[in-house]
Amino acid sequence: MGAVPQVADINGDDRFDLLVGDRNGVIWIYYNIGSKDSPVFSAGVRLNYGAGPLDVGANSCPVVIDWNNDGLKDLIIGNESFRVLSYINTGTVHAPIFDNSTPYTTVLYSNSFYRCHPEVLDLDRDGKKDLLVSQNNGNVYFYKNLGTDVQPYFTSPENSLKLTDERDLIVSAGGAHMEMADWNNDGLPDLITGDWNGNITVFLQEAATAVYNDTPTPKGFLLNPNFPNPFNMSTVISYEIPKAEKINITIYDILGNRIRTLVSEYQSAGLHKIQWNGRNSDDLYSSSGIYMVVMQCGEWIDRQKITLMK
Amino acid sequence: MGKVVMYVYLICAVFQQMMVLSQDVPRFKAGNRLKFSNGADLTPGSTNYTASPCVVDWNNDGKQDLLVGYFYHGSVYLYLNTGTVGNPVFEDGNYQLVQAGGAAVQVGYS
């Protein structure tokens, strides 16, 4: 019993695999041996930590994320009692290894946590990944990253996510599991929750409260962090320009090859958004990996690292 | 001295965290329970217990689909989006158990 699914390309073959956390606290991997349009999975194998199964005690809730920005997929795992743990990948893109060479650590501990389900994303858009944790009681808590993007650091007290009327966001019926994804294609991450009764509830993010929607005419050029990042289907890049100018926004791979030009035109002052669907200039899907968004206007230039994860 | 610095740092960090929700974090609209197109709750049955959702483009059609793990079953169901990216639609009865190695995925006590 117990099944907490998560998809990620865990072996770097450009197809998403299925990971499922279970009641016993272990994580099962089902490798995708099918095609991009029609996934087929091989029988499950337990994810190992060293020579034995990775085991967080009970009710493992895994999230796959490059926690330390080294290009490898790490695991952030919530458990039954009190903890969110980090397991750093010490292997390769194609063969992840989790073992004592980089011991697992507790990212967050609270004795009020029970069946915690983590999510990792830069919700406050300060360029650093933050932590969300949902609880069996139905609350979803936000933890601001007080460290760096490479070395995240969190501390209590927890802050409940809020509704637009400032009440706490609570998943009725409790037993909350959750994930953030852009559900209505407005470029903002929404909260998709599951509850004790087996129902799924979507809480759409209120656009008016998004930090970057409050901007008056910007004082300077600004390339904001894209969202989501890492991304699977598409990501939205937002940027600000102080006056009408010719803007170039181009995606490059890490070797400097141009993948796709997203913008190359005169644009008006203000906030702009552009979506990248992961396709190259031939309209073919790019492979998983790290890419650079380069925004250029005259002599002004800025870059952002983005990660395509399938 | 080191301890004093550490405490000051810790107090600042806690204060920073307490101030977080004043402005930085977006708010959310009231929740909408997902339904099939016929209005029934999006579940595969009546005894599901805790559901754990995961959004994925399963069939590479550019639209988000939904995987849901259920505590009671220990299994994972797939709901394919037949609507659009901005307005997902899940047809009633259109769900399936996710298979692996020729059998339904099943995890839990063993």
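What follows draws every value from the coordinates through simple rules; no lab data is involved. Bear in mind that the values here come from a model prediction, so they are computed numbers and not experimental data. All Cβ positions, glycine included, derive from the backbone under ideal geometry; neighbour counts span all protein chains shown.
Straight-line cross-link reach from residue A:36 at under 20 Å between alpha-carbon atoms covers these aspartates and glutamates, not counting any fewer than eight positions away in the same chain: A:9, A:13, A:14, A:17, A:282, A:283, B:57, B:61, B:65.
Each Lys and Arg adds +1 at its Cβ and each Asp and Glu adds -1 at its Cβ; summed about the Cα centre, the range A:1-134 shows a dipole of about 320 debye.
For chain A, a Gaussian network of Cα nodes joined below 10 Å ranks A:144, A:162, A:128 by mean-square fluctuation, and the top entry is A:162. Classified by the C-alpha gyration tensor, the range A:183-310 has an oblate form. Its axis ratio a/c, with a ≥ b ≥ c, is 1.5 or above, and a/b does not exceed b/c. Could you work out the longest stretch of chain A that avoids the GluC sites (Glu not before Pro) located in DSSP loops with at most 10 other Cβ atoms within 10 Å? In chain A, the maximal stretch lacking such sites is A:1-165.
The label point for residue A:58 and the one for residue A:255, both projected 7 Å from the Cα toward the Cβ, are 5.1 nm apart. Within the same chain, aspartates and glutamates fewer than 8 places from residue A:273 are excluded, and of the rest, those with a Cα less than 13 Å from its Cα are A:186, A:240. Under 22 Å of direct C-alpha separation, and excluding same-chain neighbours fewer than eight residues apart, residue B:29 reaches these lysines: A:144, A:162.
Return P(r) of the range A:101-232 (all Cα-Cα pairs; 5 Å bins starting at 0; whole %; ordered from short to long distances). The distribution over the range A:101-232 is 2, 9, 17, 22, 20, 16, 8, 4, 2, 1, given as percents.
Across all directions, the average projected area of the convex hull around the alpha carbons of the range A:252-310 is 4.7 nm².
The simple spin-label model puts a point 7 Å past each Cα toward its Cβ; for residue A:166 and residue A:272 those points are separated by 3.8 nm. Each of B:30, B:59, B:81 was scored by the projection of its Cα onto the charge dipole of the range B:20-84, and the greatest displacement toward the positive side belongs to B:30; charges sit on the C-beta of Lys, Arg, Asp and Glu. The distance separating the Cα centre of the range A:173-208 from that of the range A:236-310 comes to 28 Å. Mind jotting down the distance between the C-alpha centroids of the range A:63-141 and the range B:62-110, whole Å? Result: 24 Å between the Cα centres. Fewest-first ordering of A:10, A:76, A:97 by other beta carbons within 10 Å of each residue's beta carbon gives A:97, A:76, A:10.
Mind telling me which of A:77, A:27, A:170 comes out most flexible in a GNM of chain A, alpha-carbon contacts under 10 Å? Answer for the Gaussian network model of chain A: A:170.
The Stokes-Einstein estimate for the range A:40-172, based on a Kirkwood radius over Cα pairs and taken at 25 °C with 0.890 mPa s viscosity, is a diffusion coefficient of 156 µm²/s. Distances between placed amide hydrogens fall under 5 Å for residue A:49 paired with A:54, all partners being 5 or more residues away or on another chain.
The residues packed around residue A:205, meaning those with a beta-carbon under 10 Å from its beta-carbon, carry a net charge of -2 if Lys and Arg are +1 and Asp and Glu are -1. Near the amide H of residue A:130, within less than 5 Å, lie the amide hydrogens of A:121, A:122, A:123, all on another chain or at least 5 residues away, with H placed in the peptide plane.
With helices as the sole contributors, the protein assembly as shown gives -1500 deg cm²/dmol at 222 nm; each DSSP H run of n ≥ 4 counts as -39500 (n - 2.57), and the sum is divided by every residue. Extents of chain A, largest first, come to 58, 45, 35 Å (Cα atoms, principal axes, whole angstrom). When the Gaussian network model of chain A links Cα atoms closer than 10 Å, the mean-square fluctuations of A:227, A:113, A:203 top out at A:203.
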